Amino acid sequence: MIKVQKADAEKGMEQAIVSLSIVVPCFNEEAVLPELIRRVSAVAETCVGSSWELILVDDGSTDRTRDMITELAETKLNIRAIILSRNHGHQKALSAGLTYVRGTNILVLDADLQDPPELLPDMLELMQDGADVVYGQRRQRAGETVAKRTTAAAFYRLLDQLTDVDIPLDTGDFRLMSRTVVDYLNTMPEEDRFIRGMVSWLGFRQIPLPYDRAERFAGETKYPFKKMLRLAVDAITGFSIVPLRLATWLALLTTVLGLTLIVWVLFQWFTGDVVSGWSSVMVVVLLVSSVQLLTIGILGEYIGRLYLQSKRRPHFVVERVVSGPDEHS
């Protein structure tokens, strides 16, 4: 168990030198960056004047994103670029950005602008009223297919049933957090990171801000079905042992079926009719084998995570940090 002393959180507060940090993971977002900078800069200036920073994390982009954010960081005082050595994935890129924040409040934002930065004033107002976390809760999801909306809704409700942690429904990583929350979040050592769940696990006072999610401003989604499925598996295995309990119940069920089959086989043997049951035997064998393979797969997911965690490798590798002309990286 990792223990975080109160002094550690206070130390993080002392290191804060701006009022607001905005963290944006970027992967192949060259078409979005100019509009992102314009809108984020405008709302940040309105809310906190010049006391803000925008941290752009390049997650191994293959287009001009890396060059663009590097140039921005070299020429603009409020922008810093965190260049990762390769593509580590959205959750780890976000984790990288959170380790470099210097603000007393930290806004997490995706580069696609589906989550409007213009909600920042409302979030700050709720923080001033005593909230430690203000998370955006989606009412509508514009520009997404029926299949994606349906599967997303089903995932959040399944996760809610499987976990003991109260992870809010229909929420992403879009949220405003206090420095204390982020300091504790940065101490959590999970290899397979599901940050919205990790923040929920921390507790503190967390308040929703309902909003309508817009369409992606430009470019293509960075979360196709395969990545969404991977994130769902990480979330469930990271915050629930219900699948392991399900595997146990399936094993008990197949044991009962196996014992029933043994009784039936002995009866067939005593009566001398041992050929007629071939179809039934094959059905039961296939059923039991399928359940066994499913159980082994569930166990494998958890064991695989223990294996990766035991390596204790860093969650990400930072190639370089690029800051403004009056700062040192």
Residues of the stretch 39-50 satisfying the condition of being of a type outside the set (Val, Ile, Thr) and assigned to a helix (DSSP H, G or I):
ARG39, SER41, ALA42, ALA44, GLU45, CYS47
Conditions (1) modelled with pLDDT of 90 or more; (2) within 18 Å of the chain's Cα centre (by Cα) -> GLU118 fails only (2)
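Condition test on PRO243, is it open to solvent by 50 Å² or more (accessible area, probe 1.4 Å) and modelled with pLDDT under 80? Don't jump to the end; show me each part of the working.
Details: open to solvent by 50 Å² or more (accessible area, probe 1.4 Å): no; modelled with pLDDT under 80: yes.
So PRO243 does not fit the description; no.
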Does ALA44 fit the bill of being under 13 Å from VAL318 (Cα atoms) and either modelled with pLDDT under 90 or small (Gly, Ala, Ser) (or both)?
no
Exactly one of (1) at pLDDT 90 or above; (2) surrounded by 19 or more Cβ atoms within 10 Å (Cβ to Cβ) is unmet by ASP173. Its number?
(1)
Selection from the stretch 1-38 of residues at pLDDT 90 or above, crowded, with 16+ Cβ neighbours inside 10 Å and part of a helix (DSSP H, G or I) yields LEU33, LEU36, ILE37
Are there strands (runs of 3 or more DSSP E) fully within the stretch 51-151 with at least 3 residues that are of a type outside the set (Gly, Ala, Ser), loosely packed, with under 15 Cβ neighbours inside 10 Å and free of Cβ contacts under 8 Å to residues at least 12 places away in the same chain? List them.
none
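The values are calculated or read from the model by the stated rules, or taken from the named source; none is laboratory data. Predicted, not measured: the structure shown is a model, and the values here were computed from it. In this analysis, Cβ positions are derived from the backbone assuming ideal geometry, glycine residues included, and neighbour counts consider all displayed protein chains. Protein only, heavy atoms only, side chains kept; ligands, DNA and RNA dropped before computing areas. Shrake-Rupley method; radii C 1.70, N 1.55, O 1.52, S 1.80 Å.
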